[in-house]
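Below: the structure, in structure tokens.
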Amino acid sequence: MEVSPNHDESTYWYNFGSMKKQHLFLLLIVVTLLAGCGKASTEVIIEPSPTSPETIPTVTPEPTLNEAPQAYVLPDPLANPTHYRLDLIFNYYSHFGSVTQQITYTNKSSYPMAEIMLVVPPRNFENSYEQYSLTGDLVSSFREEGIITYLMLSRPLEPLETTVIKISFRIYLPDNPGIFGYTNQQANISDWYPFVPPYDEEKGWLAYPRVVDENNIIVGESIVNEFSNFEVSLTLVSHADLIEVAASAPAQGTDGKYTYTLEHARGFTFSISDSYFEHEIVQDGVTIRSYVFMNEIETGISVTEIAANAMKLYGELLYPYPRELISIVVGDFLHNMEMDGMIMISYGIFDFYDGIPQTDLTIMTPHELSHQWFYGFIGNNHALEPWLDEALATYAELLYYERYHPESVDWWWSVRIYKPVPTGFVDSDIWIPGGYIPYRDAVYLQGVHFLHEIRQAVGDGAFFASLKDYAYANTYNLATKADFLDAFSRHTNQDLTPIIAKYFQNP
Ligand SMILES: [Zn+2]
């Protein structure tokens, strides 16, 4: 999910800051971006030098027969969603929390289940998870293997039968600048509780160990969640009056005692600090709120404006953001991450922002926000088919520049795509040989080429109609390549086979 910065990264960032002071702002851009939005995290060093226009693909819209606008309706959420009740008592200054959890789980497959799987992400970190009890009305015993806990049932859970699992545990946040860990000015609580992974009748439980490459960078996103409902409470002990909480949903309550509800979500996250400065704007009924540190107060205002533009664009291209709050939180670490209702962007990107469009904040804010759709509402298996969220999120950056900063589109292609040199197959998974860099080059960068080539082939009308159709049809679903291509088949007669054959190892 995140990577500990190494000395090289620190050095890059330090140099980066120095150059800014010298106003050599176009010489070197350190982009932590692709960090999978936290997923993998690393940085990309880019030397922007706008390439000649002839190297930039151009769009040649073509009329198609099936691009007439149609009225779309969001699908109903999955019946019998897993329900998580989580009560967290957290001590910000000691970095630990006590949790009582109740999981209400329904067997949505057509087979009886002899056991249920739990994934326990905090066990990725040594001494970060201590379980006091695990019981359930059908749980006879359990066994633990790495981050997996297998619950053996006293009798099979029948299709459409519901069972309740109760767990009490403590989390001890690691001293780790990432999405699960603390620094001296932030505590991030993401992937912090046991969850039941999706069950696929052909593949079984969709749970995977995380992949760490030889440079100690986590490759992509191994955690795959169902769309679930959350009912969460947070009680802050110790100086609650000093502490601000960013969360995946709006809070009810005061004085360090808060409750939250979030439906049809992949997960529930907190970011907590005694050093946050907040700024919010409201656009089309959605509150866009930033949480930054003191030296980023101005940028905290700017980022809400960038976000408002991005939300407006995605509202048009896909559908309007269906929640009432999105939180943008500065990450006290060197990568970026999307969660339900919240995105985190590195302090390095915030600190470098100088108000012009050709900066990382203007690239990464639209990228991470697009994951609210391509991750948060439209699911996919991030381990097996990461391009379905990362290629689309990276392409969303281009769409943002086309709409709001068309004069910088060539710059975007140059620094974001051509400099790192796209290679590899778009349908690579997180086990790609070579680790993070080949993963990024294939999934993100070749992914952009793939999408752009499709757009050129079918024309803007059919491309955007297909994209919108894909979004609506696969909301609250784990979409696949077939779902993506099906959406295009509804709007174009173009044969996309040659393009798919060019970019996919398994066309
Ligand atoms: Zn991303």
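Under the 0.36 nm per residue contour assumption, what length would be gained going from the current alpha-carbon distance of Asp460 and His239 to full extension?
Using 0.36 nm per residue and subtracting the Cα-Cα distance, I get 74.1 nm.
Among Tyr291, Tyr182, Tyr132, whose Cα sits farthest toward the positive end of the charge dipole of segment 83-331 (+1 at Cβ of Lys/Arg, -1 at Cβ of Asp/Glu, about the Cα centre)?
Positive-end residue among those listed: Tyr132.
For Glu278, what charge total do you get from the other residues with a beta carbon under 14 Å from its beta carbon, if Lys and Arg give +1 and Asp and Glu give -1?
-4
How large is ³J(HN,Hα), in whole Hz, for each residue of segment 403-420 in order, when computed from phi with the Karplus curve 6.51 cos²θ - 1.76 cosθ + 1.60 and θ = phi - 60°, using x for Gly and Pro?
After applying 6.51 cos²θ - 1.76 cosθ + 1.60, I find 6, 9, 9, x, 5, 9, 5, 4, 4, 4, 4, 5, 7, 8, 10, 6, 4, x Hz.
Which shape class applies to segment 305-455: rounded if a/c is under 1.5, otherwise prolate when a/b exceeds b/c and oblate if not, where a ≥ b ≥ c are the square roots of the Cα gyration tensor eigenvalues?
Because its axes are fairly even, with a/c under 1.5, segment 305-455 counts as rounded.
What is the local net charge at Tyr182, summed over the other residues whose Cβ is closer than 11 Å to its Cβ (Lys, Arg +1; Asp, Glu -1)?
-2
Just to check I understand the Karplus step: with θ = phi - 60° and J = 6.51 cos²θ - 1.76 cosθ + 1.60, what whole-Hz values come out for segment 255-271, glycine and proline as x?
6, x, 10, 10, 10, 9, 10, 8, 10, 6, 10, 8, x, 10, 10, 10, 10
Is it possible to state the helix-based mean residue ellipticity at 222 nm for the chain, with each DSSP H run of 4+ residues giving -39500 (n - 2.57), the sum divided by total residues, to the nearest 500 deg cm²/dmol? What is it?
-7500 deg cm²/dmol
Once amide H atoms are built 1.01 Å from N in the peptide plane, which residues 5 or more positions from Leu325, or in another chain, come under 5 Å H to H?
The list, which skips near neighbours in sequence, is Thr287.
Rounded to whole Å, give me the distance from the Cα center of segment 114-156 to that of segment 168-225.
Taking the Cα centre of segment 168-225 as reference, the centre of segment 114-156 is 15 Å away.
Would you kindly state how much longer the chain becomes between Asp483 and Glu202 on full extension, computed as 0.36 nm times their sequence separation minus their alpha carbon distance, in nm to one decimal?
99.4 nm
List the relative contact order of the chain as a percent without decimals, with contacts defined as Cα pairs under 8 Å and 6+ residues apart.
Taking the mean separation of contacting Cα pairs over the length of the chain, I get 18 percent.
Can you classify segment 251-385 as rounded, prolate or oblate using the Cα gyration tensor, where a ≥ b ≥ c are the square roots of its eigenvalues, rounded means a/c under 1.5, and otherwise it's prolate if a/b beats b/c and oblate if not?
Rounded shape, in that the Cα axes give a/c under 1.5.
Between Asn506 and Tyr418, what is the FRET efficiency for a Förster distance of 30 Å, r being their Cβ-Cβ separation, to the nearest 0.05?
According to the calculation, E is roughly 0.70.
How many angstrom separate the Cα center of segment 314-332 from the Cα center of segment 88-105?
26
Work out the count of Lys pairs in the chain where the Cα-Cα distance is under 18 Å, with the pair 8 or more places apart or on different chains.
5
Convert each backbone phi in segment 484-491 into a coupling constant with the Karplus relation 6.51 cos²θ - 1.76 cosθ + 1.60 (shift: θ = phi - 60°), then list the ³J(HN,Hα) values in order as whole Hz, x for Gly and Pro.
So the Karplus estimates, Gly and Pro as x, are 5, 6, 4, 4, 5, 5, 7, 10 Hz.
Between Asp284 and Thr259, how high is the FRET efficiency from 1/(1 + (r/R0)^6) when r is the Cβ-Cβ distance and R₀ = 25 Å? Nearest 0.05.
0.45
Just check the chain against the gyration tensor rule for me: Cα atoms, a ≥ b ≥ c as the square roots of the eigenvalues, rounded for a/c under 1.5, and otherwise prolate or oblate depending on whether a/b exceeds b/c.
Oblate, since a/c reaches 1.5 and b/c is not below a/b.
Taken together, the values in this text are just the output of simple stated rules run on the coordinates, not laboratory data. Just so you know, these numbers come straight off a predicted model, no measurement behind them. FYI the Cβ positions are ideal-geometry reconstructions off the backbone, even for glycines, and counts take in every protein chain you see.
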